[in-house]
Amino acid sequence: MFTHAITRLPGPNFAQGITTADLGVPDYDRLLQQHATYIDLLRSLNLAVTVLDSLPAYPDAYFVEDVAVVTPEIAVITHPGAASRQGEEAAIKEPLAEFKPTRCIQSPGTVDGGDVLMVGKQFFIGISERTNQASAEQLGNILAGYGYEYTAVAVAAGLHLKSSVNYVGKNTLLITAEFTDQPAFARYAKIILDADEAYAANTLLVNEHLIMPQGFPKTRAKLAKLGLPISEIDVSEVQKMDGGLTCMSLRF
Ligand code: CIR
């Protein structure tokens, strides 16, 4: 069970963050509303949510998932892969240190937490444009000290591993077609996304409750078969910045 989440408010310059999406100009007030709804939902699932101030020098810093990997035993502070995001990690160390012992990925290794999927004692670490092999090994070695195993997975499509694959409970992965044949995922049941609903891969499991982005009815129908409660929230402005539901919090 998760008991806590850490989030960070988006700043007024958030639209200067990195994006490849071609979904129009994002609106700050709408983003703040969507962010607030997200936090309310986490609180309704009994998480105590820390809300950190925005970081003016880092327009992507509200995607806190990318700057740390948190397990029940330890928080590993990452070193983000995008140059404009390097430095964000310094600001997450103190808030996390209130809850967990911390370790740090050493530069030049780069890891984005969006590439790191934890399923019980197993980690999958995406090797992507943001996360390199050497730092996946660094992270894997740290986690091995706490009884975790890891498997590296090539991310040939999408920004991060968790843009395409997430654990949704009941030994099941929600996964895009591109990743289904990865041997690393052979032991799991799979819900395969329709290509036109690929964004819904970024669905978040919190305490036996699924939070999915609004407006993906085929995925919702498939997920409903798991029998878990599902909430949908509108994250249109987040999507415009290549972000999603998992990215906006660290849960532990
Ligand atoms: C970036 O490109 O770094 C941000 N605009 C989006 C990061 C999304 N994070 C995530 O998927 N974990």
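Per the listing T219, T203, T176, T180, the residue uniquely among the β-branched types (V, I, T) and without any contact (Cβ under 8 Å) to a residue 24 or more places away in the chain is T180. List the residue pairs whose Cβ atoms are under 7 Å apart, where the first residue sits in the stretch 145-165 and is in contact (Cβ under 8 Å) with a residue 12 or more places away in the chain and within 14 Å of the ligand (Cβ to nearest atom), the second is among the β-branched types (V, I, T) and part of a loop (DSSP other than H, G, I, E, B), and the two are 6 or more positions apart or on different chains. Listed pairs, sorted by first residue: L161/V155; S164/T176.
Every listed requirement among (1) at pLDDT 95 or above; (2) farther than 20 Å from T246 by Cα is met by S107 save one, (1). Go through the residues of the stretch 53-65 one by one and say whether even a single one is without any contact (Cβ under 8 Å) to a residue 24 or more places away in the chain, assigned to a helix (DSSP H, G or I) and of a type outside the set (D, E). Scanning the stretch 53-65 turns up no residue that is without any contact (Cβ under 8 Å) to a residue 24 or more places away in the chain, assigned to a helix (DSSP H, G or I) and of a type outside the set (D, E). Does the stretch 87-102 include one or more residues that are within 23 Å of G140 (Cα to Cα), basic (K, R) and surrounded by fewer than 22 Cβ atoms within 10 Å (Cβ to Cβ)? Yes, the stretch 87-102 has at least one match.
When N46 is tested against (1) within 27 Å of Y148 (Cβ to Cβ); (2) within 16 Å of the ligand (Cβ to nearest atom); (3) part of a loop (DSSP other than H, G, I, E, B), only condition (2) is not met.
Residues that are within 17 Å of S164 (Cα to Cα), more than 16 Å from the ligand (Cβ to nearest atom), touching a helix residue (DSSP H, G or I) at 6+ places or on another chain (Cβ under 9 Å) and of a type in the set (S, T, N, Q) do not occur anywhere in the stretch 190-213. Does L223 count as at pLDDT 95 or above, buried (at least 21 other Cβ atoms within 10 Å of the Cβ) and assigned to a strand (DSSP E or B)? So L223 fails the test.
Here is the figure for the stretch 140-184: residues that are touching a Leu at 6+ places or on another chain (Cβ under 9 Å) and on the phi > 0 side of the Ramachandran plot total 2.
Here A83 meets the list (1) within 16 Å of the ligand (Cβ to nearest atom); (2) within 20 Å of L204 (Cβ to Cβ); (3) free of Cβ contacts under 8 Å to residues at least 24 places away in the same chain almost entirely, failing just condition (2).
Residues considered: T180, T176, T219. Of these, the only one that is within 16 Å of the ligand (Cβ to nearest atom) and of a type outside the set (G, A, S) is T176. Of all the listed residues (A97, A36, A61), the sole one being modelled with pLDDT of 95 or more, within 11 Å of the ligand (Cβ to nearest atom) and more than 30 Å from T180 (Cα to Cα) is A61.
Could you grab me the full set of residues in the stretch 68-78 that are in contact (Cβ under 8 Å) with a residue 60 or more places away in the chain and under 16 Å from the mean Cα position of the chain (by Cα)? Those that are in contact (Cβ under 8 Å) with a residue 60 or more places away in the chain and under 16 Å from the mean Cα position of the chain (by Cα): A68, V69, V70, T71, A75, V76, T78.
Does L245 qualify as being more than 17 Å from L23 (Cβ to Cβ) and either touching a residue at least 24 places away in the same chain (Cβ under 8 Å) or touching a strand residue (DSSP E or B) at 6+ places or on another chain (Cβ under 7 Å) (or both)? Answer is no for this residue. The single condition among (1) in contact (Cβ under 8 Å) with a residue 12 or more places away in the chain; (2) more than 17 Å from T78 (Cα to Cα) that T131 does not satisfy is (2).
The values are calculated or read from the model by the stated rules, or taken from the named source; none is laboratory data. Given the structure is predicted, the values throughout are model-derived calculations rather than measurements. In this analysis, Cβ positions are derived from the backbone assuming ideal geometry, glycine residues included, and neighbour counts consider all displayed protein chains.
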